[in-house]
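The values are calculated or read from the model by the stated rules, or taken from the named source; none is laboratory data. What you see is a predicted model; the values in this text were computed from it and never measured. Cβ: placed from backbone, ideal geometry, glycine included. Neighbour counts: every protein chain shown.
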Amino acid sequence: MEKVNIFKGFKTRLKGEPDLSIIKLPKPSTIAVSALDIPFIRPRILVKDGDKVKIGSPLFYDKQNPDIQYLCPGAGVVQKIVFGARRRLHEVVVQLFEKEYHVEFESLTKKALGTADTQKIIDILIKGGLWQCLRRLPARDTADPKIQPPLIIVCLNENDMFAPHPGLYLENETSFFELGLSLLRKISKRVVVAARKNHLEKLAPLNTNITHVIPDLYPAWNPGAILFHIKKTADENNAWYVTGQHLLLMVKLILTGHYPIERIATVSRENDKKPHLLIRQGMPVKSLAPSLGKNDLITSGMFSGRIIAPDSHMGFFENTLNILKIKNEEEFLGFIRPGTAKTTVSNTFLSCLFDKPGQADCDTHGEERACINCACCHRICPNDLMPNFIMKALHGDDLEDALDMGLLDCCNCGLCSYTCPCKIELAHIFQDAMNAYHKDKE
Amino acid sequence: MKWLKRIFDKSEKHFSGSGKLAKAHALFDATKTVFFHPLRRTAFIPFLRDCLDLKRYMTFVLISLVPVTIFGIYNTGYRAGLGSGVELDLLDSFLHGSYYVIPIILVSYVVGLFWEILFAGIRKHKISEGFLVTGLLFPLTLPATIPLWQVALGISFGVIIGKEVFGGTGRNILNPALTARAFVYFSYPVSMSGEIWIPNLGAVDGMSGATPLAVAAQGNQSILAALSDMGFALKNLFWGFVPGSIGETSVFCIVLGMFFLLVTRIANFRIIAGGIAGLIFTAIVFYLFGEDPGSWIKAGPLYHLFAGSFLFGITFMATDPVSAPGTNEARWIFGFLIGFFTVTIRVANPAFVEGTMLAILFMNVFAPLLDHMVVKYKVSKRIPNV
């Protein structure tokens, strides 16, 4: 096991860490496939209201690559197709039947999986709607099956701080996981498995498979951060990554011939220790978090997720919900209070003296100002970028300069925006620029 | 505090839209946000944000300036007493000092704020908190005897030319407070140098109003003996019981402020450490190779450190993040060169007895270049990703 040295990041603890027990949620009445968490997708819908679908029936595909289909995680009848502004597809909602049937895909035995050729496995994954679990850095778009990647990073932790614990979803699944790794080794010569340091104990059965140990600070487990710290040449920039849960799904698909629908998810909320949840893909948000108030903002990751509407459904890539409080009370003389309970990475509040988990709310805690060049963003960036200079280069329309300074090494962890005292939307600016560059290049 | 909130809510309509006082919206907004920290929900990633904002950031600099300001007021009163031939007690010194210093600070704030509001109103911006610091730093660099109209002129120049023409706080090249001081220094040299450091000067014979840096030894006397004779022993310089600009005299109070800024990480330690290292290094070089025993060449590093405004400048002026470099390596160089130029101007330039202001302004101009070089170097070390 190689140690990855990441020193910078978010070291403060936050309230609301999920408990390590698992409860299974009852079957919901509806289920949906969301298009909002799928990168760069231009969907073409294959069903209409009232159509009957099985588990594994395609609901829509990506016009840029018609092979990449998004399959239905439940059997029932298409209840509605939800569009947003400018007819952007939000989600396809399916009303579930009591008894559900599967679409049968080609399956392989464990032994056959070992000897099967790469193309066959790729075909099964594409047909089975799970190829898109493999994504390509730095833009995080769907991996191209025609290309051999320089390396594949298996991220046991998803992006959020409180994402499902790998020890839970890998419990008793060691052999599947090892099969998954052998499958990835067919696709790429090098496979990296990175685990958080304090998860190693619970991952003991897998220890021989873990190649890299990462420190326990957000966002060290982000594939962009891992890649930045292990890469030696520029060829490795286009590494692929897959999360541990998705890898298990891929193996299950190949072995059973059925589209796998179960995942482990977490819901985190301040002052609440919720258990891990065994859910189905695309469950309604309300069934995961029933007691939502109007002062709650739901996100699929407080640092790098998206805002989720309370009456929508979980996405294909999303296994975390963070519920953040909306502040309504303006604090009297807020800028000069000692702040014993404020969450901060600076040393300007008394709370920095105690090692207490901090509160999380979704307020910016200040107004936007011009950059004062304090370099707080550089002090926290896990990939040692200089966000203040990159932001200024982008403002000056100097994309070349921004790229030189490592714009594409940005792992979208959001910490630069988090720490900025001038409340500049750095992460948003970078994400926009990276997406625009990617679209331009395609 | 609901009654106060109600007053703000009720009067808001006059200051916005087509209200009668819509032009003063920036002032209204600034006042309101001081009392009630504004709420704004995050719209983009990350959805939670740090509690530190620019208001608190700049307020912390003001807090760090409290010791020097209070001591400055006291020392001005005490010196004024000595100048008139009486030894005032603590309270009297303080009251007497307030009589000189408070008007200077007030004029600086009122006139500066006027320009801030004017520019913020025209640009439809919010008033940036950076001015709070400029408005206090500038008076602290002045002698207590300065005419108030010069203060008003200076702060106007500092705010307009030093900052607003570039677009406001965050976009300026030079430190606005030092720009203001440089303007006054070169426009009204009589008010800024010579025997002007003690109010009521002239009533008592043998009471010099010069600052330690203006001291030069007579005959074969060494500089250290001359300083000692004039009452500028190291101990006095440390505690600050010497004539000088309002805020610069007390090393002790400056170090208190410095400690506060470093612990809260508002000021970057690299600039301060680099500056002190540069000053000590240069002072030692001059001490070893210089020849004139009666001049500041032979004063040695400790006197260079404690006398004049170097510590004040390196702590509160050079660490202004806007005009200092934004990369760590450049900050070391920036600080070091400020120390170097300070001593060099002090000992090698007959026109100016003090070099801190010029050294910092000079390095402010070079800060973007230092940043540029460091960024280019770092880019060359990266594994390219395009």
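The table for this structure:
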| read-out | value |
| --- | --- |
| Residue pairs meeting the criteria (Cβ under 7 Å; at least 6 apart or on separate chains; first more than 24 Å from A:HIS212 (Cβ to Cβ), in segment A:6-33; second among the acidic types (Asp, Glu) and not in a strand (DSSP E or B)) | A:LYS15/A:GLU270; A:GLY16/A:GLU270 |
| Residue in segment B:83-92 that is away from every other protein chain (no Cβ under 13 Å), within 25 Å of B:THR264 (Cα to Cα) and in a helix (DSSP H, G or I) present | no |
| Pairs, first farther than 14 Å from B:LYS124 by Cα in segment B:18-47, second hydroxyl-bearing (Ser, Thr, Tyr), C-beta under 6 Å, six or more apart | B:ARG40/A:THR364; B:THR42/A:THR364; B:ILE45/A:SER304; B:PRO46/A:SER417; B:PRO46/A:TYR418; B:PHE47/A:THR299 |
| Those residues of segment A:414-427 which are in contact with a helix residue (DSSP H, G or I) (Cβ under 7 Å, 6 or more places away or on another chain) and not small (Gly, Ala, Ser), in sequence order | A:LEU415, A:CYS416, A:THR419, A:CYS420, A:PRO421, A:CYS422, A:ILE424, A:GLU425, A:LEU426 |
| Segment A:122-155 - residue that is charged (D, E, K, R) and part of a helix (DSSP H, G or I) and, of those, surrounded by the fewest Cβ atoms within 10 Å (Cβ to Cβ) | A:ASP123 |
| Residue ID - farthest from the other protein chains (Cβ to nearest Cβ), chosen from residues in segment A:353-411 that are without any contact (Cβ under 8 Å) to a residue 24 or more places away in the chain and of a type in the set (A, V, I, L, M, F, W, C) | A:PHE354 |
| Criterion violated by A:PRO28 - all others in (1) part of a loop (DSSP other than H, G, I, E, B); (2) within 30 Å of A:SER417 (Cβ to Cβ); (3) modelled with pLDDT of 90 or more; (4) not polar (S, T, N, Q) satisfied | (2) |
| Test: residue in segment B:3-12 that is of a type in the set (Asp, Glu), within 11 Å of chain A (Cβ to nearest Cβ) and in contact (Cβ under 8 Å) with a residue 60 or more places away in the chain | no |
| Flag for A:LYS286 being away from chain B (no Cβ under 14 Å) and not in a loop (DSSP other than H, G, I, E, B) | yes |
| Selection from segment B:308-353 of residues that are assigned to a helix (DSSP H, G or I) and within 14 Å of another protein chain (Cβ to nearest Cβ) | B:ASN328, B:GLU329, B:ALA330, B:ARG331, B:TRP332, B:PHE334 |
| Residue within segment A:384-394 that is touching a Gly at 6+ places or on another chain (Cβ under 8 Å), in a helix (DSSP H, G or I) and over 19 Å from B:TYR57 (Cβ atoms) present | yes |
| Qualifying residue in segment B:60-67 (condition: within 12 Å of chain A (Cβ to nearest Cβ) and outside any helix (DSSP H, G or I)) | no |
| Unmet criterion (only one of (1) within 11 Å of another protein chain (Cβ to nearest Cβ); (2) in contact (Cβ under 8 Å) with a residue 12 or more places away in the chain; (3) in a loop (DSSP other than H, G, I, E, B); (4) farther than 23 Å from A:LEU134 by Cβ) for A:ILE323 | (3) |
| Any hit, segment A:336-344, residues being of a type outside the set (Phe, Trp, Tyr), buried (at least 23 other Cβ atoms within 10 Å of the Cβ) and within 17 Å of B:PHE47 (Cα to Cα) | yes |
| Tally of residues being in a loop (DSSP other than H, G, I, E, B) and either polar (S, T, N, Q) or more than 10 Å from chain B (Cβ to nearest Cβ) (or both) across segment A:412-423 | 1 |
| Matching residues, segment A:182-234, being charged (D, E, K, R), part of a helix (DSSP H, G or I) and over 21 Å from the mean Cα position of the chain (by Cα) | A:ARG185, A:LYS186 |
| Segment A:305-319, subset in contact with a Pro (Cβ under 8 Å, 6 or more places away or on another chain) and surrounded by fewer than 24 Cβ atoms within 10 Å (Cβ to Cβ), residue nearest to A:ILE41 (Cα to Cα) | A:SER312 |
| So A:LEU426, is it modelled with pLDDT of 95 or more, more than 9 Å from chain B (Cβ to nearest Cβ) and crowded, with 16+ Cβ neighbours inside 10 Å | yes |
| Number of the condition not met by A:LEU25 [criteria: (1) surrounded by fewer than 21 Cβ atoms within 10 Å (Cβ to Cβ); (2) over 22 Å from the mean Cα position of the chain (by Cα)] | (2) |
| Filter result for the condition that a residue is touching a His at 6+ places or on another chain (Cβ under 8 Å), over 21 Å from B:SER98 (Cβ atoms) and part of a helix (DSSP H, G or I), over B:ALA26, B:ALA30, B:ALA80 | B:ALA26 |
| Residues of segment A:1-20 satisfying the condition of being aliphatic (A, V, I, L, M) and not in a loop (DSSP other than H, G, I, E, B) | A:LEU14 |
| Qualifying residue in segment B:56-66 (condition: of a type in the set (D, E, K, R), surrounded by fewer than 19 Cβ atoms within 10 Å (Cβ to Cβ) and free of Cβ contacts under 8 Å to residues at least 40 places away in the same chain) | no |
| Selection from segment B:95-127 of residues that are surrounded by fewer than 24 Cβ atoms within 10 Å (Cβ to Cβ) and within 14 Å of another protein chain (Cβ to nearest Cβ) | B:PHE119, B:ALA120, B:ARG123, B:LYS124, B:HIS125, B:LYS126, B:ILE127 |
| Qualifying position, being without any contact (Cβ under 8 Å) to a residue 40 or more places away in the chain, under 30 Å from B:GLY72 (Cβ atoms) and not β-branched (Val, Ile, Thr), among B:PRO350, B:PRO321, B:PRO325 | B:PRO350 |
| Single unsatisfied condition, B:LYS32 versus (1) under 20 Å from B:MET1 (Cα atoms); (2) of a type outside the set (A, V, I, L, M, F, W, C); (3) at the interface with another protein chain (Cβ under 7 Å from one of its Cβ atoms) | (3) |
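Residues checked against (1) of a type in the set (Ser, Thr, Tyr); (2) modelled with pLDDT of 95 or more; (3) out of contact with any Cys (no Cβ under 7 Å at 6 or more places or on another chain); (4) surrounded by fewer than 24 Cβ atoms within 10 Å (Cβ to Cβ):
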residue	(1), (2), (3), (4)
B:THR249	yes, no, yes, no
B:ILE272	no, yes, yes, yes
B:ALA277	no, yes, yes, yes
B:LEU288	no, no, yes, yes
B:GLY300	no, no, yes, yes
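The rows are residues; the columns are (1) without any contact (Cβ under 8 Å) to a residue 24 or more places away in the chain; (2) within 19 Å of B:PHE138 (Cβ to Cβ); (3) of a type in the set (Val, Ile, Thr).
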{"residue": "B:TRP197", "(1), (2), (3)": "no, yes, no"}
{"residue": "B:ALA226", "(1), (2), (3)": "no, no, no"}
{"residue": "B:GLY247", "(1), (2), (3)": "no, yes, no"}
{"residue": "B:ILE254", "(1), (2), (3)": "no, yes, yes"}
{"residue": "B:ALA283", "(1), (2), (3)": "no, no, no"}
